[in-house]
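Colleague: Okay, here's the structure, questions in a sec.
The values are calculated or read from the model by the stated rules, or taken from the named source; none is laboratory data. Everything numeric here is computed off the predicted structure, so don't read it as measured data. Neighbour counts run over all protein chains shown; Cβ positions are idealised from the backbone, glycine included. For the accessible areas, the whole protein counts, side chains as well, though only heavy atoms, and no ligand, DNA or RNA atoms are used. Shrake-Rupley method; radii C 1.70, N 1.55, O 1.52, S 1.80 Å.
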Amino acid sequence: MNNSEIQFPEINQIPKEHSIEQSIELKQYLCNGELITWNGSTQDVLSPIYIKHNNDIKPLRLGSFPLLNKEASLQVLNSAVSAYDLGKGVWPTMTVKKRIEHMSAFVKAMKEKRLEVVKLLMWEIGKTLKDSEKEFDRTIDYITDTINALKELDHDSSRLKNEQGIYAQIRRGPLGVVLCMGPYNYPLNETFCTLIPALIMGNTVILKPAKHGVLLLCPLIDAFKNCFPPGVINIIYGHGKETVGTIMESGKIDVFAFIGSSKTANIIKKLHPKPNRLRSVLGLEAKNPAIILPDADLQLAVEECVLGTLSFNGQRCTALKMIFVHENLKDKFLELFINKINMLKAGMPWEKDVMLTPLPESDKPRYMKDLIDDACQLGAKVLNTNGGHVQQSFVFPAVLYPVNNKMRVYHEEQFGPVIPIISFSKIEEPINYMVESNYGQQVSIFGNNPDKIAQLIDPLVNQVCRLNLNSQCQRSPDVYPFNGRKDSAEGTLSVFDALRVFSIRTMVAGKENDINKSLISAILEGRKSNFLSTDYIL
Ligand code: G3H
């Protein structure tokens, strides 16, 4: 076996601590605080990890989940709508302090499920053990940071203002019912990055898990059920048309939180009969370039470009999806880059130091091959030995050079292990690529000359929302703004921004007169309102 091959295991070769003892047959869905039994059709979940048996090899079946119909989807919708009760429900009118208590109970219960969730992340989407653990721990940190950010926000809102003789207390209130859909590459973290702020701001939520990564939420269902009032969090499973389509067509969704493709987002948004009432929070495609300038530190650029293009096999919205390298450095860069890729370890997610793993989307190897074939027909070459080699669900990374604007891979977000490289002589070439691109998330610039870099910073920060200096593109740390221009995003998601995205400023105001003075004092001193209150959360 060479480095470009992957060794799928026999069942008895899987280390005991990582093996799946039993399939998960999910037969219930969470609606109105109850687990309702589903007797209709179900969807099998197959792992991207194939298992060898004698001369046979096939994906491990991990379990199944319900394919809810329209009727069940409407029942779930009604649960969220009733719990919100046009803003009069228990949850939207609850004090921030109490909502934080519910969320703290949830995060405590969630921590106990770390091992189960991490194991399912590996088996359902093929993410390495290290990255699966990181995804879980990062999500816990995100919840804790969100709680702390909300306390801060509440501190700022806990005092009465008086401007031009008008008393006012301004707070952020919920928006309504949120439909929350996460992506398969971060099925826990990115789903929770919208779910948690939506919940804690007092909205009620319908959660639809990502297309891969449904079962890994199962260990958390009891915590959802036990830690929040009935109807505040509800979960649907199934085909988009029957579930999301039915719910959106009702016109009762107030916020659509979605991380995925713009094609799907646009289809879903258009189903809402009152588009003005619908707010959208979207994380969509990106085609982040790396630009390697003539004076760049090559070792550093190669290391960051390998991480940027191939962490989780390139299945990150923030991945580097196009490399522009100055022609003076091209030969050396390609040599070092390919050497580094050849040294990457391919294997099962639990193996030590593994980087390249099986892909969860069954049609992805075919798509990778199509992009490679198209580029090769138009003049590119696969520079690395065995680049693009496919074994069942595994694709060895393909380094494509020279790429040009006739090729599909120049425009399409590959979201996988295909690495297009272009050499340039004039800096206008990568700049024009960014200006003309449909996407505007991030860019990585590699170079040392302060004058040259400064000249690039000023125009490029207006093309994207994060310019990374001598570093790969990435979302973290989660307290920094995560967003994009053009077709890459709608709304900003950081711990701080997400609390604002899922809420609206609302206020109680009144002229400074004797009646209002005694009225407001009586309400405050008697702690009669959850909103009009100067209580300080410690
Ligand atoms: O898929 C997009 C993720 O938000 C990327 O997050 O840069 O931390 O891997 P990351």
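Colleague: Within region 260-280, work out how many residues are open to solvent by 10 Å² or more (accessible area, probe 1.4 Å) and within 16 Å of the ligand (Cβ to nearest atom).
Modeller: The total comes to 4.
Colleague: Filter region 464-496 for residues that are open to solvent by 40 Å² or more (accessible area, probe 1.4 Å) and more than 14 Å from the ligand (Cβ to nearest atom); which is nearest to Glu163 (Cα to Cα)?
Modeller: Only one residue fits best here, namely Phe496.
Colleague: Considering every residue within region 281-292, establish whether at least one is at pLDDT 95 or above, more than 16 Å from the ligand (Cβ to nearest atom) and surrounded by fewer than 17 Cβ atoms within 10 Å (Cβ to Cβ). First the steps, then the outcome.
Modeller: Of all residues in region 281-292, those at pLDDT 95 or above come to 281-292.
Then drop every residue that is not more than 16 Å from the ligand (Cβ to nearest atom), which leaves 291-292.
Restricting the remaining residues to those that are surrounded by fewer than 17 Cβ atoms within 10 Å (Cβ to Cβ) gives none.
No - not one qualifying residue is present in region 281-292.
Colleague: To continue, here is another question. Looking for whichever is surrounded by 24 or more Cβ atoms within 10 Å (Cβ to Cβ) and either within 16 Å of the ligand (Cβ to nearest atom) or within 14 Å of the chain's Cα centre (by Cα) (or both) here; the options are Ile196, Ile206, Ile235. Which one fits? Before you say what the answer is, go through the steps one by one.
Modeller: Values: Ile206 fails: either within 16 Å of the ligand (Cβ to nearest atom) or within 14 Å of the chain's Cα centre (by Cα) (or both); Ile235 fails: either within 16 Å of the ligand (Cβ to nearest atom) or within 14 Å of the chain's Cα centre (by Cα) (or both).
Only one candidate passes the filter, namely Ile196.
Colleague: Within region 480-515, how many residues are within 28 Å of Leu175 (Cβ to Cβ), of a type outside the set (Phe, Trp, Tyr) and out of contact with any Ser or Thr (no Cβ under 6 Å at 6 or more places or on another chain)? Spell out the reasoning first.
Modeller: Pass one, region 480-515, residues within 28 Å of Leu175 (Cβ to Cβ): 480-510.
Of the ones still in play, those that are also of a type outside the set (Phe, Trp, Tyr) are 481, 483-495, 497-501, 503-510.
Restricting the remaining residues to those that are out of contact with any Ser or Thr (no Cβ under 6 Å at 6 or more places or on another chain) gives 484-486, 488-489, 491-494, 497-501, 503-510.
The qualifying residues number 22.
Colleague: Let me ask another. Of all residues in region 154-193 being more than 20 Å from Cys227 (Cα to Cα) and among the polar types (S, T, N, Q), which is farthest from the chain's Cα centre (by Cα)?
Modeller: If we filter region 154-193 for residues that are more than 20 Å from Cys227 (Cα to Cα), which is where we start, we get 154-173, 175, 181-187, 190.
Checking which are among the polar types (S, T, N, Q) leaves us with 157-158, 162, 164, 169, 185.
Numbers: Ser157: 30, Ser158: 32, Asn162: 41, Gln164: 44, Gln169: 34, Asn185: 7 Å.
The selected residue is Gln164.
Colleague: Would you point out the residue of region 180-193, among those that are touching a helix residue (DSSP H, G or I) at 6+ places or on another chain (Cβ under 7 Å) and in a helix (DSSP H, G or I), that is farthest from the ligand (Cβ to nearest atom)?
Modeller: Applying the filter and picking the extreme gives Phe192.
Colleague: Also, I was wondering about something else. Among the basic types (Lys, Arg) and either open to solvent by less than 50 Å² (accessible area, probe 1.4 Å) or over 30 Å from Leu499 (Cβ atoms) (or both): is that true of Lys98 in this structure? Before the answer, list the steps.
Modeller: Numbers: among the basic types (Lys, Arg): yes; either open to solvent by less than 50 Å² (accessible area, probe 1.4 Å) or over 30 Å from Leu499 (Cβ atoms) (or both): no.
No: the conditions fail for Lys98.
Colleague: I'd like to check something: does region 444-466 contain any residue that is touching a helix residue (DSSP H, G or I) at 6+ places or on another chain (Cβ under 8 Å), among the aromatic types (Phe, Trp, Tyr) and farther than 21 Å from His155 by Cα?
Modeller: Yes, some residue in region 444-466 is touching a helix residue (DSSP H, G or I) at 6+ places or on another chain (Cβ under 8 Å), among the aromatic types (Phe, Trp, Tyr) and farther than 21 Å from His155 by Cα.
Colleague: Mind checking which helices (runs of 4 or more DSSP H) fall wholly inside region 321-420 and carry at least 2 residues that are closer than 15 Å to Val306 by Cα, modelled with pLDDT of 95 or more and open to solvent by 60 Å² or more (accessible area, probe 1.4 Å)?
Modeller: Numbers: elements: 330-342, 364-377, 408-411.
The helices (runs of 4 or more DSSP H) meeting that bar are 330-342.
Colleague: Does region 347-363 include one or more residues that are free of Cβ contacts under 8 Å to residues at least 60 places away in the same chain and within 24 Å of Ile292 (Cα to Cα)?
Modeller: Looking for residues that are free of Cβ contacts under 8 Å to residues at least 60 places away in the same chain and within 24 Å of Ile292 (Cα to Cα), one finds none in region 347-363, hence no.
Colleague: Please verify whether region 182-190 includes one or more residues that are farther than 20 Å from Phe106 by Cα, in contact with a strand residue (DSSP E or B) (Cβ under 7 Å, 6 or more places away or on another chain) and surrounded by fewer than 21 Cβ atoms within 10 Å (Cβ to Cβ).
Modeller: No: zero hits.
Colleague: Any chance region 219-232 includes a residue that's among the small types (Gly, Ala, Ser), under 23 Å from Glu71 (Cβ atoms) and surrounded by 19 or more Cβ atoms within 10 Å (Cβ to Cβ)?
Modeller: Filtering region 219-232 for residues among the small types (Gly, Ala, Ser) gives 223, 231.
If we keep only those that are under 23 Å from Glu71 (Cβ atoms) as well, we get 231.
In the following step, the residues that additionally are surrounded by 19 or more Cβ atoms within 10 Å (Cβ to Cβ) were identified as 231.
Yes, some residue in region 219-232 is among the small types (Gly, Ala, Ser), under 23 Å from Glu71 (Cβ atoms) and surrounded by 19 or more Cβ atoms within 10 Å (Cβ to Cβ).
One line per residue, one yes/no per condition, for (1) of a type in the set (Ser, Thr, Tyr); (2) without any contact (Cβ under 8 Å) to a residue 40 or more places away in the chain:
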site: Asp137; (1), (2): no, yes
site: Asp154; (1), (2): no, no
site: Tyr167; (1), (2): yes, no
site: Val177; (1), (2): no, no
site: Glu190; (1), (2): no, no
site: Asn203; (1), (2): no, no
site: Gly213; (1), (2): no, no
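Colleague: Tally up the residues in region 2-33 that are open to solvent by less than 60 Å² (accessible area, probe 1.4 Å), in contact (Cβ under 8 Å) with a residue 24 or more places away in the chain and of a type in the set (S, T, N, Q), please.
Modeller: 2
Colleague: Scan Arg171, Arg138 and give me the residue that is within 30 Å of Arg279 (Cα to Cα) and either within 15 Å of the ligand (Cβ to nearest atom) or in contact with a Gly (Cβ under 7 Å, 6 or more places away or on another chain) (or both). Lay out the reasoning, then the answer.
Modeller: Working: Arg171 fails: either within 15 Å of the ligand (Cβ to nearest atom) or in contact with a Gly (Cβ under 7 Å, 6 or more places away or on another chain) (or both).
Going through Arg171, Arg138 in turn, just one is within 30 Å of Arg279 (Cα to Cα) and either within 15 Å of the ligand (Cβ to nearest atom) or in contact with a Gly (Cβ under 7 Å, 6 or more places away or on another chain) (or both): Arg138.
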